[in-house]
Amino acid sequence: MRSIASRLILRSSPSLSRFRSSGQWSSGRAFSTDTSNDQNRVDEPFKVEEAETVKAPPPPSDKLLVLGGNGFVGSHVCKEALDRGLSVSSLSRSGRSSIRESWADKVEWHQGDLLVPDSLKDVMNGVAAVISCVGGFGSNTQMYKINGTANINAIRAAAEQGVKRFVYISAADFGLANYLLQGYYEGKRAAEAELLAKFTYGGVILRPGFIHGTRQVGSMKIPLGLIGSPLEMILQHAKPLNRLPGVGPLFTPPVSVTAVAKVAVRAATDPVFPPGVVDVYGILRFSGQK
C-alpha cells in the first residue's frame, strides 16, 4: 500500500518528481527522496583524521644566579631561593661563602670578577634569572666601578645570553647622603638605567634603605635587627615624614634582609611581577603577600 501511495503522489505532482531527481537546497543542506542512500550515509562512521602531534616547549629553567651570593644580602637570597626549590649558583670575587650551614652546600659557587667580562661567559649558561647584590664603598671612583660598571657588565652579559629576568638590589635615596657618597649613588643609578634599557619587561630594581638582620662577619654574628626592627615598626607608619624637604629621606623605614630576599626571589621567578622600581614601602608590601 505504501509503494502504491507513493506512485500516486508522484503521478499527480510532476514537480515532486523533478525535486526527487535533481534535489533542492534548504537551510544549506541538500535533500533527496532517495531514503536508502541517506540511510547508508547516516550509518557510515565519521572519518576523523589523526591530529598532528603538538610539540610542547621544554619547561622553563629554574636556575637562579646570585651575584655576590656570599655577602650579607646575597646569602639570604641564596637561602630563600633554595627554600623555594630553585637551583642556585653564585658568582663573587671570593667564591664560596664562609657560612658553615647546610644550605650553603647546595649552592654552586663560582669565583670571578664582574669587572672582568670574561668571568661571566660560562656562568650565565642555562640561567633563567639573575639577582645582583653587588655593591660596596670606597673612593668615588671605586664606588662607581663596584656599584655601576660591575653591574652594567652583568646586565649586558645576561641580556646577550637571553636571560629572562634580572633583579638589581639598589639603594633608596637619602638626600644629603647622595652627595657624600656621590660615586656610590651615581654608580647605582647608572646600573638602574642600563637595566631598564636592556630588560624593559623583566627588569626589577629594589631600593631598600637600611637593611637589618643578623649579619655574619667571620665567626661573629652581628644582630642588626636589635636597632633596625624597632625603627621599621615605627617609621613604616610615618610615610608622610618622608616627604619633608631636606630631612625627609632620613625617615625612610629600615627593612629586614629576609623581606628583601623574599621580594628579590619572587621578582626573579614570578613572570607577572611588575617590572620597574620597587621602593621600601613596596618591599614591605610585597614581602607580606602570600
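The values are calculated or read from the model by the stated rules, or taken from the named source; none is laboratory data. Since this is a predicted model, take the numbers as computed values, not measurements. Don't worry about glycine lacking a Cβ; one is built from the backbone with ideal geometry, like all the others, and counts go over all protein chains shown.
Computed quantities for the displayed model
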| read-out | value |
| --- | --- |
| In segment 278-290, the residues that are buried (at least 19 other Cβ atoms within 10 Å of the Cβ) and free of Cβ contacts under 8 Å to residues at least 40 places away in the same chain | Phe286 |
| Some residue of segment 132-148 being closer than 20 Å to Val277 by Cα, in contact with a Lys or Arg (Cβ under 8 Å, 6 or more places away or on another chain) and either touching a residue at least 60 places away in the same chain (Cβ under 8 Å) or among the β-branched types (Val, Ile, Thr) (or both) | yes |
| Qualifying residues in segment 252-277 (those that are hydroxyl-bearing (Ser, Thr, Tyr) and surrounded by fewer than 23 Cβ atoms within 10 Å (Cβ to Cβ)) - the one nearest to Cys78 (Cα to Cα) | Thr258 |
| Within segment 197-213, tally of residues that are touching a residue at least 60 places away in the same chain (Cβ under 8 Å) and either among the charged types (D, E, K, R) or surrounded by fewer than 16 Cβ atoms within 10 Å (Cβ to Cβ) (or both) | 3 |
| Residue that is surrounded by the most Cβ atoms within 10 Å (Cβ to Cβ), among those in segment 174-183 that are part of a helix (DSSP H, G or I) and either among the small types (Gly, Ala, Ser) or at pLDDT 85 or above (or both) | Gly183 |
| Any hit, segment 81-93, residues being among the small types (Gly, Ala, Ser), under 22 Å from Ala158 (Cα atoms) and in a helix (DSSP H, G or I) | yes |
| Residues located in segment 149-170, provided they are assigned to a loop (DSSP other than H, G, I, E, B), in contact (Cβ under 8 Å) with a residue 12 or more places away in the chain and not hydroxyl-bearing (Ser, Thr, Tyr) | Gln161, Val163, Lys164 |
| Among the candidates Trp103, Trp109, residue that is buried (at least 18 other Cβ atoms within 10 Å of the Cβ), of a type in the set (Phe, Trp, Tyr) and touching a Leu at 6+ places or on another chain (Cβ under 9 Å) | Trp109 |
| Failed criterion for Leu91 (all others in (1) in contact with a Lys or Arg (Cβ under 8 Å, 6 or more places away or on another chain); (2) modelled with pLDDT of 95 or more hold) | (1) |
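So that you can scan it fast, the table gives a plain yes or no per residue for (1) in contact (Cβ under 8 Å) with a residue 40 or more places away in the chain; (2) in a loop (DSSP other than H, G, I, E, B); (3) touching a helix residue (DSSP H, G or I) at 6+ places or on another chain (Cβ under 7 Å); (4) among the small types (Gly, Ala, Ser):
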position: Val66; (1), (2), (3), (4): yes, no, yes, no
position: Asn70; (1), (2), (3), (4): no, yes, no, no
position: Asp113; (1), (2), (3), (4): no, yes, yes, no
position: Val127; (1), (2), (3), (4): yes, yes, no, no
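One line per residue, one yes/no per condition, for (1) in a helix (DSSP H, G or I); (2) within 24 Å of Val257 (Cβ to Cβ):
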| position | (1), (2) |
| --- | --- |
| Ala172 | no, yes |
| Tyr185 | yes, yes |
| Ala197 | yes, no |
| Tyr201 | no, no |
| Val204 | no, yes |
